[in-house]
1. Test of understanding: among I24, I6, which residue is modelled with pLDDT of 50 or more and touching a Pro at 6+ places or on another chain (Cβ under 6 Å)?
2. Restricting segment 177-225 to residues that are open to solvent by less than 10 Å² (accessible area, probe 1.4 Å) and touching a Lys or Arg at 6+ places or on another chain (Cβ under 7 Å), which is farthest from F244 (Cα to Cα)?
3. For residues that are aliphatic (A, V, I, L, M), open to solvent by less than 20 Å² (accessible area, probe 1.4 Å) and farther than 19 Å from I202 by Cα, tally how many sit in segment 7-34.
4. Is there a residue being over 17 Å from L101 (Cα atoms), touching a helix residue (DSSP H, G or I) at 6+ places or on another chain (Cβ under 8 Å) and assigned to a helix (DSSP H, G or I) anywhere in segment 188-200?
5. Condition (residue is in a helix (DSSP H, G or I), in contact (Cβ under 8 Å) with a residue 40 or more places away in the chain and more than 20 Å from A32 (Cα to Cα)) applied to segment 164-187: is it met by at least one residue?
6. I'm trying to understand the selection: among the residues of segment 142-161, which are farther than 13 Å from L10 by Cα and among the basic types (K, R)?
7. Where the second residue is open to solvent by 80 Å² or more (accessible area, probe 1.4 Å) and not charged (D, E, K, R) and the first is over 19 Å from N252 (Cβ atoms) and part of a helix (DSSP H, G or I) and lies in segment 219-240, which pairs have Cβ atoms under 8 Å and are six or more apart or on separate chains?
Amino acid sequence: MLKTGIKKELMFFTRSFKMGGVIIAAIAFAIASPLLMKLSGMMINSLDNLNASDIENGVSINMTLESPSAKEFKEEKTVSMNPGDLMSVFGDENLAPLSILSAFGDTTSTFLLVFMIVTMSSAGGELKKRSMIIPQNAGLSTKLYVLPKFLVYPAAAALFSFLGIISAGMVTKLVFFSTFDLDIMKLLLIALIAAVYDAFMITLYFTLGLCTARAGIATIILYGGGAILSLLFTSFGADKFHPFALKNEAQNILMSGGSDINNIMTSGEADMVNIWGSIGVSLLIMILCYFITVFVISAKRVDNRGGEEINL
């Protein structure tokens, strides 16, 4: 029965170009981010209204450097740079990691929105249309109805996110081939973080959608609420051992090193304990979401009445 349920979800996911749309979105973000970053650098470096040899045009910048992974570190510094230093910030060696970071941001935000929209029918649409009443009355248990969804869709989101980040790293290497040294281990870790985060968000999405039979509302709540929760956790210093801490750690991984932009955008070293702890907490929450969904759906009374009463 479980095998049949998985086949049914795969059929629903692959029909009507749903999976194709998700794949296109993942590929588009992987290619667009490095290309746009390269184009931005070329446009900025082509400006000839700044003279790098003119020392009198130097500027002083006051900034507060604060690490998202260590709130106790907060220091105000004055950075003096001439136009040549300012232009060097937009060099290929600095824009390359930002390309992957941009792709990571698209994969953990816009890509999730696309994935949620194309899977609305599976995340509550069936219950809203009462199309599962006959299978459930014929013996399909709630567990076997819910489990295939929690296996297929989070796994699909994780797979496409992982491959998207890997592709973004490869495209970045091709675009910035002369100045960017691709660290495979860092790229794999960032891809793993994106995969776990997206799988976590899709699991929450299916939990809300199936429990409320309102997939559209669940999409709005998660797409807007994810960014708000991440900002709130960071603002209050709660940046350890939860799924939203993974996004900060991905930035720490990418910005670690000796580049010029790292000296300006100080984000601290990546905390591997926090990364693996947050991944573990995310997996535990995903398992808990499955049991919550099964409990809520099982507690609902099956309503097999039509929209109108039939008078005999």
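1. Numbers: I24 fails: touching a Pro at 6+ places or on another chain (Cβ under 6 Å).
Checking each option against the conditions leaves just I6.
2. The selected residue is F206.
3. 1
4. The answer is yes, given that some residue of segment 188-200 is over 17 Å from L101 (Cα atoms), touching a helix residue (DSSP H, G or I) at 6+ places or on another chain (Cβ under 8 Å) and assigned to a helix (DSSP H, G or I).
5. yes
6. Residue satisfying the conditions is K143 alone.
7. Once the first residue is over 19 Å from N252 (Cβ atoms) and part of a helix (DSSP H, G or I) and sits in segment 219-240, its partners that are open to solvent by 80 Å² or more (accessible area, probe 1.4 Å) and not charged (D, E, K, R) give T219/I117.
Results for (1) under 16 Å from K18 (Cβ atoms); (2) modelled with pLDDT under 90, shown as yes or no for each residue.
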site: K129; (1), (2): no, yes
site: A157; (1), (2): yes, no
site: F162; (1), (2): no, no
site: I166; (1), (2): no, no
site: G169; (1), (2): no, yes
site: T172; (1), (2): no, yes
site: F177; (1), (2): no, yes
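The values are calculated or read from the model by the stated rules, or taken from the named source; none is laboratory data. Owing to the predicted nature of the structure, the values given are computational and were not obtained by experimental measurement. Every residue, glycine among them, receives a Cβ derived from its backbone with ideal geometry; neighbour counts consider all protein chains shown. Just so you know, the surface numbers come from the protein's heavy atoms only, side chains and all, with ligands and any DNA or RNA stripped out. Shrake-Rupley method; radii C 1.70, N 1.55, O 1.52, S 1.80 Å.
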